[in-house]
Amino acid sequence: MSRRSTTRCGVALLEVMLAIAMLAMAGLVVLGALSDASRRLRSAEIRADAADLAASAFALLNAGLATPDSLDGPVPADGLIGNDGASDSAAAGDIEPSGWMLVVDTEPAAFDGLVRVQITVARTDASGETQDVLTWTDVTPSAGGLSGARSAVR
């Protein structure tokens, strides 16, 4: 083999190695973007679930089917909140909790016959730490067992 032929083989090998390194770096960038997108998607799913729980709790309060006391506390794994005291039985250990918790606070609104309701939805993560996910505040008629002042304590 001539010296020129050996140099060409060395240059070709170097080009192949650089191409593989560039491909690996591009793959790492794509993998990082997918990982970030997956994390953001999971966060959006958790916030959507929290919004569903808060909307369901407000609907139950507005319809007079639940009181703030019956909604306050852990949400059972079946997701049935305020259903014949299901949240209370979950707190007592009868039903497996889902990791979600509702904190319902009420106070009189500025106008007669209205109550300001604030529902905080919290979630216990895998490490056992509870984090507030969403707080939803609305004003509703005081009918349906809603009184003026009630502040839940966690």
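Quick grid of which residues meet (1) within 25 Å of the chain's Cα centre (by Cα); (2) surrounded by 17 or more Cβ atoms within 10 Å (Cβ to Cβ); (3) not small (Gly, Ala, Ser):
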| residue | (1), (2), (3) |
| --- | --- |
| GLY10 | no, no, no |
| LEU14 | no, no, yes |
| ALA21 | no, no, no |
| SER38 | yes, no, no |
| ALA48 | yes, no, no |
| LEU53 | yes, yes, yes |
| SER56 | yes, yes, no |
| LEU60 | yes, yes, yes |
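For (1) more than 20 Å from GLN131 (Cβ to Cβ); (2) touching a Cys at 6+ places or on another chain (Cβ under 7 Å); (3) at pLDDT below 90, each residue gets a yes or a no:
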position	(1), (2), (3)
SER2	yes, no, yes
ALA24	yes, no, no
ARG40	no, no, no
ALA50	no, no, no
LEU61	yes, no, yes
ALA66	yes, no, yes
ASP72	no, no, yes
SER89	yes, no, yes
Residues (at pLDDT below 90 and part of a strand (DSSP E or B)) located in segment 116-130: THR124, THR130
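The values are calculated or read from the model by the stated rules, or taken from the named source; none is laboratory data. None of the values given here were measured: they were computed from a predicted structure. Here the Cβ is made from the backbone with ideal geometry for all residues, glycine too, and neighbour counts use every protein chain on show.
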